[in-house]
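Step one of this worksheet: look at the structure below.
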Amino acid sequence: MVNTAAQTDQLLAWMASLADPTRLRLLRVLERHELGVVELCDVLQLPQSTVSRHLKVLGDQRWVRSRPQGTTRLYRMLLDELDAGARKLWLVAREQTTLWPTARQDELRVVRVLQQREIDSQSFFAGAAAEWDRLRSELYGERFSTAAMLALLPGDYAVADLGCGSGNLTAELAGCVKHVIGVDNSAEMLKAAKRRTAGLKNVDLRKGDLSALPIETGACDAAIIVLALTYVPDPAPAISEMARILKPGGRGVIVDLLPHDRDDFRRQMGQTSLGLEPHPIERMMSGAGFTNVTTRPLPAEPNVKGPALFLASGAKSA
């Protein structure tokens, strides 16, 4: 049996909540904006004790909900979370107060409060601009930028990581695309890559040379060669192989060392060349069937000890 007495009590409580003009004003504002107590005091031009008291009533009656933000709490009314009966009452109350001059004044002050938020945010960045890169790195690290850019890749792509090494980039790609094929000619590197990608069902690791890839022709939507061409005597066959495994329109990307004179570095890293000139790489890519080939130096990162890098990219001709 329906407890009509309880329903009646609930109805009277809702009506009591809406019977106060301050609570009506709060609900009109909080239906459209999420604000803190201090901001609500500014909007309603009332002391904090008064605003807090009415917010408690509205919270107890489940008209509003709140969440913490720093040392304060933000309040909001979500219409679709209200009880059906409360929602009907509120829609009537809102309609009947549409032209209420007090409510219109409140909304004008809300605009000012939100503008002040923007000013405060801009003031922070004006003061932090010179330190922003360091601050962002200290607070959030570096990997989120890479994750954001990798997420731009279409999720149904098959990508080849050529010269995959220990599988660091292979693992990152695996979270963003349908299939990743990692190729390396070092058994030890492939063992490390297998450990790193363990459990990733969409990763396929294969042993092979860059000049004779163990991948079918036209099997991939994109391919990357990162810091691997300086380990081969002649980059041209590797670039031709990268073009071969791509579908028409597929993109190829190369990142490697710019020319340098640090022979000690070359020997330490086991590389066959002292970096690569971007323009010959660009010509090799064009000769292999890539179009719209571009090359550019990459900005040097802070505290990096190795030579500077360049990036080359192009699309396989259709």
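No value in this document is a laboratory result; all are computed from the given coordinates. The model shown is predicted, which means the values in this text are computed figures rather than measured ones. Here the Cβ positions follow ideal geometry from the backbone for every residue, glycine too, while neighbour counts run over all protein chains shown.
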Quote the relative contact order of region 153-316 in percent (integer), defining contacts as alpha-carbon pairs under 8 Å separated by 6+ residues.
19
Looking at the chain, send over the antiparallel percent of its DSSP beta bridges, to the nearest 5.
50
Per-residue ellipticity at 222 nm for the chain, helices alone: DSSP H runs ≥ 4 residues times -39500 (n - 2.57), over residue total, nearest 500 deg cm²/dmol?
-14500 deg cm²/dmol
³J(HN,Hα) across region 243-253 via Karplus (A = 6.51, B = -1.76, C = 1.60, θ = phi - 60°), whole Hz, x for Gly/Pro?
5, 4, 7, 8, 6, x, x, x, 9, x, 10
Sort the following peptides by mean Cβ neighbour count (other Cβ atoms within 10 Å, averaged over residues), highest first: 193-201, 19-27.
19-27, 193-201
Taking the alpha-carbon centroid of each part, what is the distance from region 189-259 to region 281-318 in angstrom?
15
If all Cα-Cα distances of the chain are sorted into 20 Å bins from 0 onward, what percent lands in each bin, rounded to whole numbers?
24, 31, 25, 20, 1
